[in-house]
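Following: one structure in structure tokens, then a few remarks.
All of the numbers you see were taken from the coordinates with simple rules; none came from a lab. All figures in this text were calculated on a predicted structure; none of them were measured in a lab. No Cβ is skipped: glycine too gets one built from the backbone with ideal geometry, and neighbour counts run over all protein chains shown.
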Amino acid sequence: MKIVVDGMGGDYSPHVVVKGCIEAIKEYNNIDIIITGPKELISDELSKYEYNKNKITILDAKDVITNNEHPVMAIRRKKESSIYKALDLVKKGEADAVISAGSTGAFLAGATLVIGRIKGVNRPALAPIMPGKNGPFMIIDCGANAECKPNNLVQFAQMGEVYFQNILKINNPTIGLVNIGAEEEKGNELTKEAHKLLKEKDFNFIGNVEPRDIPTGNTNVLVCDGFVGNTVLKMYEGVASTIFSTLKEEIMSSFRTKIGGLLLKPVFNKFKKDYDYKEYGGAAFLGVEGICIKAHGSSDARAFKNAIKQAINFYDNKIIEKIKTHIEQKMI
């Protein structure tokens, strides 16, 4: 399997990108990695490590797309950028998967424009796996489509069901619709109509799910438009960060609390690991003709290594082929 990684994507590139790739080839023997970016810069980073030189190659890319640029215009104009060149390799069939922690808008727009949508998919969607009290869950869409139609949400459920069932190995995963109330009649026109459609289709649909119930992880796949999904995701990240920092401040506030914190350290470490996005790698962009993983902008080397692991699982479980079959069988 060949995986192309955007060497200039993320807040700490290319250092953490290269380190994550090195760690990945040492752990996973069945992969080769291509890193896109300025050749000299990437080469300098690689020279810091001992590794199998046959497992990592560089594709020179002189440009970088930043978060401040218009995504579609940047993809169309900057064909020498690290993101574009990475996506183009998948389009040409020279790589099986692409990973980037760069501009989300450019990556998603590029995946749609360069690689292309799966036939029958109206809107590709971003689908991160999130940590929950009773197990991980998926939110789809998390930012690719701010405005949606009811049938789009049904298709998100289809793709999410396939991914969750095959990657998390949970048969007949539960599907929930993110809404302001659990009652069927709650919500706006989008959620009301989507509720009707989801109820009619062959899903394990449990109805509306209020945001306060999301962290339990009792619902496997949570469906919503990208505006709602991205808002939930950012709030989730913010709350987790606030809890960790507040706990740390309180523990360090006195000798007594330091002793208590020391006794509870194993509990805190487990809690932090369970709710650390780095453990999940990145968010799959479902609905395009290639394996696309969007890593978090602040990803470290471990997050990149786990994103590569995620791409391997995606490939080994033939997710794209299964989504195609599912869409054909249940065309919306």
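Data for the structure
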| read-out | value |
| --- | --- |
| Unit charges on C-beta of K, R, D, E only; dipole of the chain, Debye | 460 |
| Label point at Thr66 placed 7 Å out along Cα→Cβ; residues across the range 25-60 whose backbone nitrogen lies under 18 Å | 38 |
| Mean residue ellipticity (222 nm) of the chain, computed from DSSP H runs ≥ 4 via -39,500 (n - 2.57), nearest 500 | -14000 deg cm²/dmol |
| Student exercise, the range 5-124 dipole from Lys, Arg, Asp, Glu Cβ charges, in Debye to nearest 20 | 560 |
| Beta bridges per DSSP with both ends in the chain, % antiparallel, nearest 5 | 25 |
| Distance in nm between pseudo-label sites at Arg302 and Asn204 (7 Å out along the Cβ direction from Cα) | 3.1 |
| Relative pair counts by distance (%), Cα atoms of the range 122-279, 5 Å bins | 2, 9, 17, 20, 17, 11, 8, 6, 5, 3, 2, 0 |
| Order of Val72, Val4 under a 10 Å beta carbon neighbour criterion, fewest first | Val72, Val4 |
| The chain - Rg over Rh from alpha carbon coordinates, Kirkwood radius | 0.99 |
| Antiparallel bridges, percent of DSSP beta bridges restricted to the range 122-279 (to nearest 5) | 15 |
| Point-to-point label distance, Leu262-Lys322, nm (Cα→Cβ direction, 7 Å offset) | 4.8 |
| Protection proxy ranking, peptides 177-183, 112-118, average beta carbon neighbours within 10 Å, highest first | 112-118, 177-183 |
| Stretchable slack from Lys119 to Lys2, in nm (0.36 nm times residue separation minus alpha-carbon distance) | 39.7 nm |
| Between the range 103-130 and the range 6-39, the alpha-carbon center distance in angstrom | 22 |
| Burial ordering of Thr242, Thr104, Thr231, fewest other beta-carbon atoms within 10 Å first | Thr242, Thr231, Thr104 |
| Coarse-grained scattering of the range 111-190 at q = 0.18, 0.20, 0.27 Å⁻¹, given as base-10 log I(q)/I(0) from a Debye sum over alpha-carbon atoms | -0.87, -1.05, -1.44 |
